[in-house]
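> This structure is in structure tokens; I'll ask about it shortly.
The values are calculated or read from the model by the stated rules, or taken from the named source; none is laboratory data. Please read all numbers here as calculations on a predicted model, not as lab measurements. Don't worry about glycine lacking a Cβ; one is built from the backbone with ideal geometry, like all the others, and counts go over all protein chains shown. Surface areas here come from the heavy atoms of the whole protein model, side chains and all, with no ligands, DNA or RNA. Shrake-Rupley method; radii C 1.70, N 1.55, O 1.52, S 1.80 Å.
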Amino acid sequence: MSLITYQKLKKLFFKLDPETAHSVAGLGLRGVQYCPTAMRYFKNRYFVTHPMLTQEIFGRKFQNPVGVGAGFDKNAQYTTAMPTLGFGFTEIGTITPKPQAGNPKPRLFRLVEDRSIQNAMGFNNYGSYYALQQLKKLYFFDYPVGINIGKNKTTPEREALDDYEKLFKAFKDYGDYMVINISSPNTPGLRDLQNEAFIDAVFKMGKSITTKPILLKIAPDMSSEDALSLCKFAVDAGADGIIATNTTIDYSITDNPNKKDFGGISGELLKEKSYNLFKDIGKEFHDKTLLISVGGIDSAEEAYRRIKAGASLVQVFSLLIYEGPKLIKDINQGLIRLLKKDGYTHISQAIGADWK
């Protein structure tokens, strides 16, 4: 698909309800997975790999640093197709122990003028057993996969640790890293788990079950001081990395008449809020743990800004909906250009460069 072709497709998609459009796109990706010719064609068109971008992380080769954020492939149904969109890695989920329908529809909204998305999905997914069966089919699939996990909506906060224990046990031998999601705004009480006692308990428990790297994903709606304290505690408790940030519930960032008073906002509206918090995290932790930046990344320049602030990897989701897979190709090709412009021979030299 050329950009103009995607823009034509987007006009059709945008005539559909956003969740329906996502499902239709997903069907297309599932179809591509069963057509080797299509897989090769699209991967050759969009997937960028270059010695300057290749990194060894968690014992795995990441051929480029741009991944798709959690929420795109909730049930590990499109995993094989992700390289055809240009992504260097994927993160499935959020997966809960038991299947759940999520919040009532409509729950996904486009803020077109803001190039943003507002979602109140509520961890809708088919549950851990289904996702596990999907991952078992990827035994010979050589591509980095993260697994994002969260508690069921009906699980009381006092029993949340049990849900994460079930998930660690289910996926302990699958994927390349795991992400503890306690930062989504769409599961009641979930963000209350962003406290030192729970983080200490969940990381100690997770480390006793799996040897896979475990990362913490945090929300953007906290002060820098609180975020730094939380990240430090997580790293001390055994976190192998930090992902910043999830969606925001700061509805003051837009006066768009189509915005809702519920759900989390992602996309261009989140860009500065996400960057500003990540910048503070990067300054403190770029040389202490692995950092992944996500939130409003819409260009090579923005991805590079996050890398120089301390990100080893970046993730894109909402802007893919507006720009199509050419965005991922442009980001990776642009990163090569920007690295060369600054005299770097490898991306590792630029990671945290703002603080060196």
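> Grab the beta carbon distance between TYR129 and ASN195, set R0 = 25 Å, and tell me the FRET efficiency rounded to 0.05.
E between TYR129 and ASN195, to the nearest 0.05, is 0.25.
> Further, regarding this structure: Quickly work out the LYS204-to-LYS260 label distance, labels modelled 7 Å from Cα along the C-beta direction, and quote it in nm with one decimal.
My value for the distance between the label points is 3.9 nm.
> Follow-up. Top to bottom by accessible area (1.4 Å), largest first, where do ASP255, ASP176 land?
Details: ASP255 140, ASP176 25 Å².
From most exposed to least exposed: ASP255, ASP176.
> Here's a follow-up. Counting only protein heavy atoms and using a 1.4 Å probe, what share of the accessible area of the stretch 221-356 belongs to carbon plus sulfur, as a whole percent? Working shown, then result.
Values: 2490 of 5260 Å².
Roughly 47 percent, rounded to a whole number.
> What is the list of residues in the stretch 286-301 whose amide nitrogen lies under 19 Å from a point 7 angstrom out from the Cα of ARG60, following Cα to Cβ?
What the label zone holds, given the 19 Å backbone N cut-off, is 289-294.
> Positive end of the dipole of the chain, charges at C-beta (+1 Lys, Arg; -1 Asp, Glu), about the Cα centre: which of THR5, PHE278, LEU135 has its Cα farthest in that direction?
THR5
> At 7 Å along Cα-to-Cβ for each site, give me the label-to-label distance between ASP287 and ASP342 in nm.
My value for the distance between the label points is 1.6 nm.
> Among 56-69, 5-18, how do they line up from the highest to the lowest mean number of other beta-carbon atoms within 10 Å?
Listed from highest to lowest mean packing, they are 56-69, 5-18.
> To continue, here is another question. For LYS169 and ARG40, compute 0.36 nm times the residue count separating them, minus their Cα-Cα distance, and round to one decimal in nm.
Once the chain is fully extended between LYS169 and ARG40, it gains 42.9 nm.
> Place a point 7 Å from Cα of LYS137 in the direction of its Cβ. Which residues in the stretch 44-88 have their backbone N less than 11 Å from it?
Under 11 Å, as judged by backbone N against the label point of LYS137, lie 76-81 of the stretch 44-88.
> Next question. Please report the antiparallel percentage of the DSSP beta bridges confined to the chain, to the nearest 5. Write out the running numbers ahead of the final one.
Numbers: 13 of 41 bridges.
In the chain, DSSP labels about 30 percent of beta bridges as antiparallel.
> Heavy-atom accessible area per residue, the chain, 1.4 Å probe: how many Å²?
Counting only protein heavy atoms, the per-residue value for the chain is 41 Å².
> I'd like the Karplus ³J(HN,Hα) series for the stretch 146-156: coefficients 6.51, -1.76, 1.60, θ = phi - 60°, whole numbers in Hz, and an x wherever there's a Gly or Pro.
Per-residue couplings from phi come out as x, 10, 9, 10, x, 7, 5, 4, 7, 7, x Hz.
> Using θ = phi - 60° and the Karplus form 6.51 cos²θ - 1.76 cosθ + 1.60, what ³J(HN,Hα) does each residue of the stretch 218-227 get, whole Hz, x for Gly and Pro?
Karplus values, whole Hz, x for Gly and Pro: 10, 8, x, 9, 9, 5, 4, 4, 5, 5.
> When N is the residue count of the stretch 81-157, what does its C-alpha Rg come to as a fraction of 2.2 N^0.38 Å?
1.31
> Let me ask something else about it. With only Lys, Arg, Asp and Glu charged, each at its Cβ (+1 for the first two, -1 for the last two), find how big the charge dipole of the stretch 51-178 is about the Cα centre; round to the nearest 20 debye.
360 debye
> Moving on. Given GLY71, HIS22, ASN44, which one lies farthest toward the positive end of the charge dipole of the stretch 1-111, if we put +1 on the Cβ of every Lys and Arg and -1 on the Cβ of every Asp and Glu?
Selected residue: HIS22.
> In addition: For the stretch 50-163, what proportion of DSSP beta bridges, expressed in % and rounded to the nearest 5, is antiparallel? Walk me through the intermediate numbers first.
Numbers: 8 of 14 bridges.
Counting DSSP beta bridges with both partners in the stretch 50-163, the antiparallel share is about 55 percent.
> Compute the convex hull volume of the Cα atoms of the stretch 24-92, divide it by the residue count, and report the result per residue in Å³ as a whole number. Provide the component values of the computation, followed by the final result.
Numbers: hull volume 6.2 nm³, N = 69.
It is 90 Å³ per residue.
> Next question. Scale the Cα Rg of the stretch 40-80 by the rule-of-thumb value 2.2 N^0.38 Å and send over the ratio, two decimals.
1.35
> Hey, another quick one. What ranking do 267-279, 223-235, 339-351 get when scored by the average of other Cβ atoms within 10 Å per residue, highest first?
Taking the mean over residues of other Cβ atoms within 10 Å, the ranking is 267-279, 223-235, 339-351.
> So what are the ³J(HN,Hα) numbers for the stretch 183-199, from phi and the Karplus equation (6.51, -1.76, 1.60; θ = phi - 60°), rounded to whole Hz, Gly and Pro as x?
Couplings: 10, 5, x, 9, 10, x, x, 4, 5, 5, 7, 7, 9, 5, 5, 5, 4 Hz.
> Using the Cα centre of the chain as the reference point, and only Cβ charges (+1 on K/R, -1 on D/E), how large is the resulting charge dipole? Debye, rounded to the nearest 20.
Dipole magnitude for the chain comes out near 1340 debye.
> I would also like to ask the following. How large is the dipole of the stretch 215-351 about the Cα centre if only Lys and Arg carry +1 and Asp and Glu carry -1, each at its Cβ, rounded to the nearest 20 debye?
So the dipole magnitude of the stretch 215-351 works out to roughly 500 debye.
> Using a 1.4 Å probe on the protein heavy atoms, what percent of the accessible area of the stretch 1-140 belongs to carbon and sulfur?
61 percent
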